[in-house]
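Here's the structure we're looking at; comments come further down.
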Amino acid sequence: MMKLHPLTLKFIDESAYLEEPFISDYYHSSLFQVRIFLLLGALIYAVFGILDALLMPEQKFSLWFIRFIILGPCLTGVLLVSFSEIFEKYMQPILAFSYLLAGTGILAMIVIAPTPVSHSYYAGLMLVFMWGYTLIRLFFVWASFAGWLQVILYEVVALGIIRTPLDVFINNNFFFISANLIGMMACYVIEFYTRRDFYMKHQLQIERENINQMNQELEYRVKKRTEDYRIINQILQQEIAGHRQAEMALRESQQRYRALVENASDLVFKTDIKGNFTFVNIATARLTEYDEEDLIGKNYLELVHPDMRQEALDIFTKQLNEKIRNIYSEFLIRTKNNKEIWLGQNTQLIFEGDDIAGFQAVSRDITDRKRLEKDLKESEERYRNLSIIDDLTQLYNSRHFYNQLRAEIDRLERHDHPLTLLLLDIDDFKIFNDTYGHIEGDQVLYRLGCVIKRCLRKTDSAYRYGGEEFTILLPLTTKEEGWVIAERIMEELRKENFSPVPDREINLTVSIGLAQYRKTEDMKSFVNRVDHLMYRGKKSGKNKICSE
C-alpha cells in the first residue's frame, strides 16, 4: 500500500525506498515542461511592459528596469542553468526562487506605481500564482513556501510602504489569499496523483517481474521433470532390451519404475490410442477425486472442461497424425466433484516398434499460475482504463481521442470510408459556474456526457476534450448523417433541467462544429477546422450546428 507523508507528500515507511527513483523520474519527465514555461514566463513578463507604457508612462523606465534588466535575465539564466548537471540536484529550490522572484518583481512595481494604478497590479500576482503552482512542476512544499512568502511581502508593501486603502486592501487580500489556497490545492493534487501514478507503474512492474520469474521456474521444473522421466523411460527400455531373457530382472525393473511413478507428486498416466486410461498413478486419482478403478477405461477428454474439449482433441489428433513425440499443452479439467483445475501437461507418444500404441503424460497443477496471470491481465486493464477515462464524465479523455482519431484516419486512408467529427462546447457555461458553483458545474458536465452517450451508436465514441468541450468521432459517417446525430444531441439536451433550485427550470445549450475528414488532411488541421466551425456557431448566436 502506498504510504505518503500527508504534508510533504514524500514516500514514507515501507514506500520510502521509492522517493529517490521518483525524484529522478520526476526530474526527467518534467524538464521539457519546466523549460517551456520558464521561457513563456519570461516572454509574458516582457509583453506586460506594454501595459506599463499605457498606464504609467512616467514610471515606465523604472518598471522596465525590473522587467527587462532584472527579471528577464534571471528567468533566462534559470532556463540556461536547466541545461547543466547541477539543475537536477537543485531543481526545486531554483524553481522556488524563480517563482518568488517573479512575485517580488510585481510587488516592486506596486511600490513604484502611483495610486490608484498600483492597486490593480496585484492581479499580476494571481498570474504568478497560476504559473508557480501549476506550470513549472514545483513540489507542494516548495510552492507553498514561496506562495505564502509572497503573501507576507504583499502585506508589508500594502500596509507599510504604499498605505493601501482599507477597502482595496481587504478586497485584494480576499482574492490574493483565495488564489494562493486554490493554487496550493491544485499543486497538492497534481503532486499526489503524479506520485500515485509512479507507485502504480512501479507495482505493476513488480507484479510482471514476479509472474515472469514464476513462469520461468515452473517451465524449468516441468522441463527438468520431463527430462528425468525421459531418462528413466530410456533406462527402462534399455534394461528390457538388454535383459529380455532375465524375467526376474525385468520384473524388478518394472517394480522400480512403478514405485517411482506411483509416488511422484505429478500426475502420471497412460492412455490407449483412443484416449482411454490404461494406467494412472496415485497423484492422478487424488487430484481428479476419482478412484483408480473408476478412471481406468474412462476417456481423458471426459475430464477436460467442455469449452476446451475440441481444442484438446485437435492437439492430440495433430500429435498422432504428425507423430510428434512430445508436446506441451494446458487444459482446464473438472474433477469428480466439479472442481476446476488447470493442468500443464507434457504428452509423449508410446511406440511399439514402428506403431503408435497410445499416449503417456506427465501433468502438473498450474491453477495458481493461471490465477496470477489473470490477476496481472486485470491489473493491466485497470491501469489502462485509468489512463484513458475522464474521471468526471466517464467519457474517454483527450489523449485517447488523439490516439483513436489517428487510428480512424489510418483506417479510412486504406479503405476510403467517411469519417465525421463533432466538437461541442456548452454555451455560457462560465456564467452557470459563477452563479451556481463548480460542484453544480461538474454535474452539468457529467449529465451532458450521459446525454451524449445515449445518442451515439455502438461504432461512435465520445471524449471530454477539455473544460466544457467534447468531441465525438463518427466512423463510417458522412457529415449529413453526422448532422442528424448532432440534432439528436441538442434535442435530448433541451429536455434536461439543470436547475439546482427546486421549482425552477434551467436549460443549457451547446454550439457544435461539424466536419467530414478530407483525404490526406493533417490530423491537427482537421481538428482545428472543426474547432473554427464551432466558434463560428458561437459568434453567430450560439445553440447552433455549424458545418461547411
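The values are calculated or read from the model by the stated rules, or taken from the named source; none is laboratory data. Only a predicted model underlies this, so the values are computations on that prediction, with no experimental measurement involved. Heads up, the Cβs are rebuilt from the backbone with ideal geometry, glycines too, and the neighbour counts pull from every protein chain shown.
So here's what we get for this one:
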{"quantity": "Odd one out for TRP148, checked against (1) modelled with pLDDT of 90 or more; (2) more than 30 Å from MET1 (Cβ to Cβ); (3) buried (at least 17 other Cβ atoms within 10 Å of the Cβ)", "calculated": "(3)"}
{"quantity": "Check on GLN92, in the same structural domain as ALA146 (by TED's automatic domain parsing), crowded, with 17+ Cβ neighbours inside 10 Å and part of a helix (DSSP H, G or I)", "calculated": "yes"}
{"quantity": "Residue within the stretch 455-470 that is of a type in the set (D, E, K, R), assigned to a helix (DSSP H, G or I) and either outside the structural domain of PRO500 (by TED's automatic domain parsing) or surrounded by 16 or more Cβ atoms within 10 Å (Cβ to Cβ) (or both) present", "calculated": "no"}
{"quantity": "Any pair with Cβ under 9 angstrom, 6 or more apart, that starts in the stretch 58-87 at a residue that is loosely packed, with under 12 Cβ neighbours inside 10 Å and ends at one that is not in a helix (DSSP H, G or I) and not small (Gly, Ala, Ser)", "calculated": "GLU58/PRO114"}
{"quantity": "Spans of helices (runs of 4 or more DSSP H) in the stretch 1-66 with at least 1 residues of a type in the set (S, T, N, Q) and more than 25 Å from ALA102 (Cα to Cα)", "calculated": "19-47"}
{"quantity": "Qualifying residue in the stretch 178-196 (condition: assigned by TED's automatic domain parsing to the domain that holds MET126 and outside any helix (DSSP H, G or I))", "calculated": "no"}
{"quantity": "Residue count for the stretch 386-429, restricted to those that are within 25 Å of CYS455 (Cα to Cα), among the charged types (D, E, K, R) and in a helix (DSSP H, G or I)", "calculated": "4"}
{"quantity": "The stretch 1-56: number of residues that are surrounded by 12 or more Cβ atoms within 10 Å (Cβ to Cβ), hydroxyl-bearing (Ser, Thr, Tyr) and in contact with a strand residue (DSSP E or B) (Cβ under 8 Å, 6 or more places away or on another chain)", "calculated": "1"}
{"quantity": "The listed residue being of a type outside the set (S, T, N, Q), closer than 30 Å to SER511 by Cα and modelled with pLDDT under 90, out of GLU413, GLU352, GLU378", "calculated": "GLU413"}
{"quantity": "Scan of the stretch 150-177 for residues that are of a type in the set (Ser, Thr, Tyr) and in a helix (DSSP H, G or I), ordered by number", "calculated": "TYR154"}
{"quantity": "Test: residue in the stretch 310-322 that is at pLDDT 85 or above, over 27 Å from GLY353 (Cα atoms) and in a helix (DSSP H, G or I)", "calculated": "yes"}
{"quantity": "In the stretch 183-214, residue nearest to TRP148 (Cα to Cα) [restricted to those that are touching a residue at least 40 places away in the same chain (Cβ under 8 Å) and β-branched (Val, Ile, Thr)]", "calculated": "ILE190"}
{"quantity": "Of residues in the stretch 533-546 being surrounded by 20 or more Cβ atoms within 10 Å (Cβ to Cβ) and in contact (Cβ under 8 Å) with a residue 40 or more places away in the chain, the one nearest to THR471 (Cα to Cα)", "calculated": "MET534"}
{"quantity": "Given (1) buried (at least 20 other Cβ atoms within 10 Å of the Cβ); (2) modelled with pLDDT of 85 or more; (3) in a helix (DSSP H, G or I), index of the condition ARG137 fails", "calculated": "(3)"}
{"quantity": "Which listed residue is under 21 Å from ARG195 (Cα atoms) and touching a Ser or Thr at 6+ places or on another chain (Cβ under 7 Å), from VAL34, VAL78", "calculated": "VAL34"}
{"quantity": "In the stretch 493-534, residue farthest from THR420 (Cα to Cα) [restricted to those that are part of a loop (DSSP other than H, G, I, E, B) and among the aromatic types (Phe, Trp, Tyr)]", "calculated": "PHE498"}
{"quantity": "Pick from the stretch 397-433, criterion farther than 16 Å from THR459 by Cα and among the β-branched types (Val, Ile, Thr), ranking: surrounded by the most Cβ atoms within 10 Å (Cβ to Cβ)", "calculated": "ILE426"}
{"quantity": "Single residue of PHE470, PHE498 found to be modelled with pLDDT under 95 and in contact with a Leu (Cβ under 6 Å, 6 or more places away or on another chain)", "calculated": "PHE498"}
{"quantity": "Condition check for GLY160: buried (at least 19 other Cβ atoms within 10 Å of the Cβ) and not basic (Lys, Arg)", "calculated": "no"}
{"quantity": "Within the stretch 330-382, tally of residues that are over 25 Å from the mean Cα position of the chain (by Cα) and either in a strand (DSSP E or B) or polar (S, T, N, Q) (or both)", "calculated": "33"}
{"quantity": "In the stretch 491-526, residue nearest to VAL444 (Cα to Cα) [restricted to those that are surrounded by fewer than 19 Cβ atoms within 10 Å (Cβ to Cβ) and among the aliphatic types (A, V, I, L, M)]", "calculated": "ILE506"}
